[in-house]
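S.K.: Okay, here's the structure, questions in a sec.
The values are calculated or read from the model by the stated rules, or taken from the named source; none is laboratory data. It should be emphasised that the depicted structure is a prediction, and the values quoted were computed from it without experimental measurement. Please note: Cβ atoms are built from the backbone with ideal geometry, for glycine as well, and neighbour counts cover all protein chains shown.
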Amino acid sequence: MSYQTIWKYNYPDRSITAEDLANGAKPYITVSAKGVSNGLSDLINDGADFGPDTPGTQTSGIQEAINYARSFANIYNAFLPEIHLLQGEYLIHQPIYLKYTSTILPAEVIDPSIAGNAASISAPSLIGYGNVNGQNNYTPTGTIIKAASDFPKGEYLYALLLPTTAWYSGATNPQWVGGKLENIIFDCNNLAAGVMLQQFGNGTARRLSIRNPTVPNPVITQAPDSNGQTWQTGAFVYTTTVNSGEYTELSNIQIRGSTSAFEDGFVLYSSSQLIGTNLWVTSYNNGRYGFNLNNSGSSRSFQYPLILINPEADIVGGWTGSVPSTNPASPQSAGYYIGGGNVKIINNNSFIGIQGNYPYIFSFGTLYIDGGYYRATGNQYVIVTPGQTTVVENATFEYNSSSNGVFKTINADNPVPGSQVFRNITYYDENTGTPSYLPFSINWGNFYPWWMRIQVDPFFDNNNRYFGGYPPSLTTNPPVSGTTYQNQNPTKIKIYLPVYASSSGTAGSVSVAIGNNQSGTNPPSIPTLYTKFINGSTSSSSPEIITLEVPAGWYYKFTGTGVTFGTATVDAV
């Protein structure tokens, strides 16, 4: 059996072989919350040492174990023993890092003169003992890594920091291996910014609880590389492996904020395959975004979708700090902020939502939603997008605002063609009276809707009102003379407006205006299409019929002189 002994504990020797493993050697090392120190101390957290060190040291035993595990790696064998953390509370005085830069190289990097490539770069695996025990138990029996009172505020509690670029010129297709992180509670104690999970492929993070992260102050200097990071909090994942067949997997991870505000919960930047299952974030104080998602990365690659299965974001909002984009403006808070790329949400959760006057989903990317319960409790739309493709199926919306609809497209700097599709929608409206806008209205704002395809299948709300499909309707019918309206139906419509002389024998006229308000003025500025003379012999029983086709989202206006409008008929075109 090939072991080496460090004080009272046996660990696999660096020269461990397959034969050793077959004979019972354990491919892992163990760390206890009670530091072994010099073997004589009975003080809990006396350094929480992994190996021999000075009693009372500030160096975490977890960090020592990571450093020790890294010593197993070489260019011929990237085997790393797992690090098992026994139950208990590990008070951490300094951030726990695995950090490599262009000048600090891991042993596994192959000399470019040999192959011009990079071998598998292994990260350690931290596996906790005990029970994380879901969302409600704040002090479960398990492995708790906690920021001590002297922890440097704003740094990450734990950070897996692999470089974002190759280490040497000419490297091709490096095979990053992201390691594992399982069954651990990270208590940031309103001091640490959160946990950095920077995975480059085949990395997994499961059954984690990240509690009480705070805002970085003033900068996280170690993330994601040596250039620093100023606003990532909660759980940050940066994955850039492309075309390697690898993917990063996150599952059963919760982020809970309490008295200290934090910017974002899950920050997922990916240009490779990333799947997150049962990710949950809640904020009891001012927070920015529950999920900050950008599936484009620096390469703007849309090859793989970022997939979230049963995510939840229950946050108060109310962030007063910076936002990623000001032109077009990003919201101060949102349940989901999608900065770009393809995002797919498959959701069976019964309730998720955001409080305050904020949209629940704000998307600059391509968004597909299948299932879920979505709610914004203030006066904002539930989904806001600059016009990229958005498809929502089998979903439930709850809405309590009398001033806006569920979905809105804003005017982006660089809008792209796309489709807006809503199918099999269940809708709950908390308004007892008639709202100012249609409870489910597509308000295109100043966007150029002729680039878009819009489909909203018909549905009834909880008050048995019919929305979204056929027949289309007008906001006000008959329209008021001189008033500008918007076609809020999901399709192009044709209006048949009866017009007749207000005084028998006295002729009148009606002017018809239509436009898309590209200038963005308020009220909308639209040109007159034509003016029609109305004979004085017309009457309510024998009117002239004025026809007008209005694309979805466009504005229209009828202005009459000496005439009366009857109730219009509307057809979908």
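S.K.: Please verify whether segment 553-569 includes one or more residues that are in a strand (DSSP E or B), of a type in the set (Val, Ile, Thr) and free of Cβ contacts under 8 Å to residues at least 24 places away in the same chain.
M.R.: Within segment 553-569, the first condition is being in a strand (DSSP E or B), and the residues that meet it are 555-561, 563-565, 569.
Those left that are additionally of a type in the set (Val, Ile, Thr): 559, 561, 563-564, 569.
Okay, now just the ones that are also free of Cβ contacts under 8 Å to residues at least 24 places away in the same chain, so none.
Checking segment 553-569: not a single residue is in a strand (DSSP E or B), of a type in the set (Val, Ile, Thr) and free of Cβ contacts under 8 Å to residues at least 24 places away in the same chain.
S.K.: Can you pull out the residues in segment 536-562 that are surrounded by 19 or more Cβ atoms within 10 Å (Cβ to Cβ) and either in contact with a His (Cβ under 9 Å, 6 or more places away or on another chain) or polar (S, T, N, Q) (or both)?
M.R.: THR538
S.K.: When the residues of segment 344-385 are filtered to those that are aliphatic (A, V, I, L, M) and under 15 Å from ASP264 (Cβ atoms), which remaining residue is farthest from the chain's Cα centre (by Cα)?
M.R.: The first filter runs over segment 344-385 and keeps only residues aliphatic (A, V, I, L, M), leaving 345-346, 352, 354, 361, 367, 369, 376, 382-384.
Narrowing further to those that are under 15 Å from ASP264 (Cβ atoms): 354, 361.
Details: ILE354: 13, ILE361: 8 Å.
My answer is ILE354.
S.K.: Is it the case, given these coordinates, that GLY536 is part of a loop (DSSP other than H, G, I, E, B) and more than 30 Å from VAL421 (Cβ to Cβ)? Don't jump to the end; show me each part of the working.
M.R.: Details: part of a loop (DSSP other than H, G, I, E, B): yes; more than 30 Å from VAL421 (Cβ to Cβ): yes.
Against the criterion (part of a loop (DSSP other than H, G, I, E, B) and more than 30 Å from VAL421 (Cβ to Cβ)), GLY536 qualifies.
S.K.: Of the residues that make up segment 247-270, is at least one crowded, with 20+ Cβ neighbours inside 10 Å, part of a loop (DSSP other than H, G, I, E, B), modelled with pLDDT under 75 and in the same structural domain as GLN355 (by the TED database)?
M.R.: no
Residues are listed down the side, and each one gets a yes or a no for (1) polar (S, T, N, Q); (2) in contact with a helix residue (DSSP H, G or I) (Cβ under 9 Å, 6 or more places away or on another chain):
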site: SER511; (1), (2): yes, no
site: ASN516; (1), (2): yes, yes
site: PHE533; (1), (2): no, no
site: SER540; (1), (2): yes, no
site: ILE546; (1), (2): no, no
site: GLY560; (1), (2): no, no
site: THR564; (1), (2): yes, no
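S.K.: Further question: Would you check if there is a residue in segment 397-414 being of a type in the set (D, E, K, R), in a strand (DSSP E or B), on the phi < 0 side of the Ramachandran plot and at pLDDT 80 or above?
M.R.: Of all residues in segment 397-414, those of a type in the set (D, E, K, R) come to 398, 408, 413.
Okay, now just the ones that are also in a strand (DSSP E or B), so 398, 408.
This time we only want the ones that are on the phi < 0 side of the Ramachandran plot, so: 398, 408.
Checking which are at pLDDT 80 or above leaves us with none.
There is no residue in segment 397-414 that is of a type in the set (D, E, K, R), in a strand (DSSP E or B), on the phi < 0 side of the Ramachandran plot and at pLDDT 80 or above.
S.K.: Now a separate question. I'd like to verify a number: residues in segment 528-573 that are under 43 Å from the mean Cα position of the chain (by Cα) and aromatic (Phe, Trp, Tyr), how many?
M.R.: Looking only at that region, the number is 3.
S.K.: Taking only pairs six or more apart or across chains, which ones have beta-carbon atoms under 7 Å, a first residue in segment 275-291 that is charged (D, E, K, R), and a second residue that is buried (at least 24 other Cβ atoms within 10 Å of the Cβ) and not in a strand (DSSP E or B)?
M.R.: From residues that are charged (D, E, K, R), the pairs are ARG288/TRP319; ARG288/SER333.
S.K.: To continue, here is another question. Name the residue, out of TYR374, TYR399, that is touching a Lys or Arg at 6+ places or on another chain (Cβ under 8 Å), closer than 20 Å to ARG423 by Cβ and among the hydroxyl-bearing types (Ser, Thr, Tyr).
M.R.: Values: TYR374 fails: touching a Lys or Arg at 6+ places or on another chain (Cβ under 8 Å).
Unique residue meeting the criteria: TYR399.
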